[in-house]
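The values are calculated or read from the model by the stated rules, or taken from the named source; none is laboratory data. These numbers were taken from a predicted model, which means no experiment stands behind them. Neighbour counts run over all protein chains shown; Cβ positions are idealised from the backbone, glycine included.
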C-alpha cells in the first residue's frame, strides 16, 4: 500500500526499491491522478494484483452517499463521473 506523495507529485516514480515487488503481492496506490501510477504499472507488469487509488476514492464517495441518503450509491455512474473528471483535470 502506497500512501506517499510519489504517485501525485511524481507520477513516473515508483516509491519501492528494485526487488520489493513480487508476483504474489496485492499492490494498492492511494494516488488517483494518474489512475495508473508507475507503481501500479510496474506491479501489474510483474503479475501482481493491483488496486488503483480510484477504487478507494470511489468507495469513500459511495459510503458518503449511502450515509447521507440511506440509499445504495449508483456505483457505475459514480465511477464513470470520477474517471471523466480525472481525465479532465489530470
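Is it true that residue 50 is modelled with pLDDT of 95 or more, outside any helix (DSSP H, G or I) and either crowded, with 16+ Cβ neighbours inside 10 Å or within 10 Å of the chain's Cα centre (by Cα) (or both)? The answer is yes for residue 50. If the condition is being out of contact with any helix residue (DSSP H, G or I) (no Cβ under 9 Å at 6 or more places or on another chain) and farther than 28 Å from residue 76 by Cβ, then the stretch 1-44 contributes 4, 5, 9, 17, 18, 19, 20, 24, 42.
Among residues of the stretch 18-40 being at pLDDT 90 or above and loosely packed, with under 15 Cβ neighbours inside 10 Å, the one that is nearest to residue 87 (Cα to Cα) is 26.
Applying a threshold of 6 Å to beta carbon distances and a minimum spacing of six or more residues, or different chains, the list of pairs starting in the stretch 20-34 at a residue that is at negative phi and touching a residue at least 24 places away in the same chain (Cβ under 8 Å) and ending at one that is buried (at least 19 other Cβ atoms within 10 Å of the Cβ) and assigned to a strand (DSSP E or B) reads 27/50; 29/2. Residues being over 15 Å from the mean Cα position of the chain (by Cα), surrounded by 15 or more Cβ atoms within 10 Å (Cβ to Cβ) and either assigned to a loop (DSSP other than H, G, I, E, B) or in contact (Cβ under 8 Å) with a residue 24 or more places away in the chain (or both) are represented in the stretch 67-77 by at least one member.
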